[in-house]
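The values are calculated or read from the model by the stated rules, or taken from the named source; none is laboratory data. Bear in mind that the values here come from a model prediction, so they are computed numbers and not experimental data. Here the Cβ positions follow ideal geometry from the backbone for every residue, glycine too, while neighbour counts run over all protein chains shown.
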């Protein structure tokens, strides 16, 4: 029991420890920036996966929460002179409230209809934000903080936010809430017949995801110090947030983390040398994943593990293979039921 | 414990169920039968929360639960199984049942819910398959999984929709034994089935529907001897059949398309298709 727990909790804690210590070894500002951006994307990726991966509700509208979070944080820090960390929490809350307002009508739709509705909502919000006074309109919004810029502070903020998102995701996956979401993903009506209230559960997952995405937006806005509606509310943001869990492994805890790293690296490194080429890479990755490995990178790793195990079994001799060959039958047909079914 | 009062459902101009009333008493297995299109499934779905009735009431222990969505019914102690099995395919057998245990009437934390899920699996005899994926189970075991998942919600009333459909004779008998066992430990069961043999074997009381109306209600023996039921299933009986005089003339029929109404062999008749006089 403790061994299983260790396997679940040790890797993320170890990884967090390494990342916390990393700046102390004096890494380059460019690398810090790369990691910062990766953490921000990772947070949004983990958040999207709660709704899209666990509950199976594919939303193309997460730019709304990213943008709302970014603007809420920007306005509260710059205009409101609020403590930046309080402002980040407030940014998350604002995004969560927005998610409920969006979810109430859109969760009455299912599957592709829900996905299309989120595109509509997202574009509407972008257009409205572009034409509002207090967002600075199309010319954007500049954030000035009284304190001097400190890259390490931003690094740690983003790291902690990403770690919190991971913890939330891990917690949900291991508890009743996650079980309900996966049940909705598998069969919404059967879930309702088993006592899950799908509407409320989807709203809750949406709100948690929006909160985390909003905080990520706020963290980014603070770092960038300048945001504009076509950037943070743009459709590419929605697509990118959605792509990360799909690339990494939909509906898993580690998948969106891996996807976040991939997109973060592509975004920061490859774009620098080959502008626009990242869109091509995203498209290719998506095609390859949809065609060959719907489980994403994580799915591919698991497949590789199975291969290795099978080859090792074969080398170990036929006896093990024979001893195991009965088990799949038992799993397939059940020991109790007779033949001919 | 369950009372249905004047339940009616219209689909457009067609009355699928019209003015049906009955009462299910605690500890019974209560069955619905009727030819295809008789309204069994519509009636079932209205009680199970899938359809909202056009008029009429459903009362559970005196509480009006008409039109409750299915998850609220589960919390009221009414759970259902599906005619076509609907397991959570990618989950393990245990996780399927855990959903019921976590979100059922008792709800609760991880450990006790997992225990209740195991109890339900043991009851239906799937405890040796807890870790296999739900979708690799045989149909018979998936049907058992449906029952286990519903039982894990801790229902007072279990609604079974054609739970023996697609099962072999032996599996059907095992399933009927399971239903009796569930009844005997105190859960009331409402049961819809095509298979007249199965339903007369297990039910304490049976409601017969025809053309959306209540045709007859009684114990299996009573309804098997009811001339109106025999006529609905086999067509008008010849004179002297069953030792009773039955008039030849067809009684007034609702204007439904006769082609929609498949016919069924009588309760004790061999399982061969029998034509009705209408066709």
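For the residues A:246, A:277, the requirement of being modelled with pLDDT under 90 and more than 17 Å from residue A:39 (Cβ to Cβ) singles out A:277.
Tell me, yes or no, whether the stretch A:257-265 has at least one residue that is modelled with pLDDT under 90 and surrounded by fewer than 18 Cβ atoms within 10 Å (Cβ to Cβ). Checked the stretch A:257-265: at least one residue is modelled with pLDDT under 90 and surrounded by fewer than 18 Cβ atoms within 10 Å (Cβ to Cβ). Against the numbered list (1) under 21 Å from residue A:208 (Cβ atoms); (2) in contact with a helix residue (DSSP H, G or I) (Cβ under 9 Å, 6 or more places away or on another chain); (3) surrounded by 13 or more Cβ atoms within 10 Å (Cβ to Cβ); (4) away from chain B (no Cβ under 14 Å), residue A:104 comes up short only at (3).
Of all the criteria given as (1) within 13 Å of chain A (Cβ to nearest Cβ); (2) in contact (Cβ under 8 Å) with a residue 12 or more places away in the chain; (3) in contact with a helix residue (DSSP H, G or I) (Cβ under 8 Å, 6 or more places away or on another chain); (4) surrounded by 15 or more Cβ atoms within 10 Å (Cβ to Cβ), the one not satisfied by residue B:90 is (4). The residues on offer are A:225, A:210, and the sole one that is more than 14 Å from chain B (Cβ to nearest Cβ) and at pLDDT 95 or above is A:210. Just one residue in the set A:158, A:138, A:165, A:152 is in the same structural domain as residue A:56 (by TED's automatic domain parsing) and more than 18 Å from residue A:40 (Cβ to Cβ); that residue is A:138. All conditions but one from (1) closer than 30 Å to residue A:198 by Cβ; (2) assigned by TED's automatic domain parsing to the domain that holds residue A:180; (3) surrounded by fewer than 17 Cβ atoms within 10 Å (Cβ to Cβ) apply to residue A:85; the one that does not is (1). Counting only strands (runs of 3 or more DSSP E) that sit wholly inside the stretch B:1-60, those with at least 1 residues that are over 16 Å from the mean Cα position of the chain (by Cα) are B:2-11, B:14-24, B:55-60.
Would you pick out the residues in the stretch B:54-81 that are touching a residue at least 60 places away in the same chain (Cβ under 8 Å) and more than 7 Å from chain A (Cβ to nearest Cβ)? Working first, answer last.
At the first step, the residues of the stretch B:54-81 found to be touching a residue at least 60 places away in the same chain (Cβ under 8 Å) are B:60-61, B:74, B:77-81.
Listed by number, the residues that qualify are B:60, B:61, B:77, B:78, B:79, B:81.
Any residue at all in the stretch B:34-46 that's over 21 Å from residue A:200 (Cβ atoms) and within 12 Å of chain A (Cβ to nearest Cβ)? Checked against the condition, which is being over 21 Å from residue A:200 (Cβ atoms) and within 12 Å of chain A (Cβ to nearest Cβ), the stretch B:34-46 yields at least one hit. Here the stretch B:110-128 is the region considered, the condition is being facing chain A (nearest Cβ under 8 Å) and modelled with pLDDT under 90, and the residue that is surrounded by the fewest Cβ atoms within 10 Å (Cβ to Cβ) is B:110.
Of the candidates A:190, A:152, the single residue that is outside any loop (DSSP other than H, G, I, E, B) and surrounded by 14 or more Cβ atoms within 10 Å (Cβ to Cβ) is A:190. As a summary of the residue check, residue B:131 satisfies the conditions (1) within 9 Å of another protein chain (Cβ to nearest Cβ); (2) at pLDDT 90 or above; (3) in contact with a strand residue (DSSP E or B) (Cβ under 9 Å, 6 or more places away or on another chain); (4) within 22 Å of residue A:171 (Cβ to Cβ) except for the one numbered (4). Just one of the listed residues (A:74, A:90) is crowded, with 17+ Cβ neighbours inside 10 Å and either in contact with a strand residue (DSSP E or B) (Cβ under 7 Å, 6 or more places away or on another chain) or on the phi > 0 side of the Ramachandran plot (or both), and it is A:74.
Set side by side, the residues A:218, A:178, A:231 differ, and just one is surrounded by 24 or more Cβ atoms within 10 Å (Cβ to Cβ) and either at the interface with another protein chain (Cβ under 9 Å from one of its Cβ atoms) or assigned to a helix (DSSP H, G or I) (or both), which is A:218.
Taken as a whole, the structure places residue A:200 among residues that are within 14 Å of chain B (Cβ to nearest Cβ), part of a helix (DSSP H, G or I) and either in contact (Cβ under 8 Å) with a residue 40 or more places away in the chain or under 30 Å from residue B:83 (Cβ atoms) (or both).
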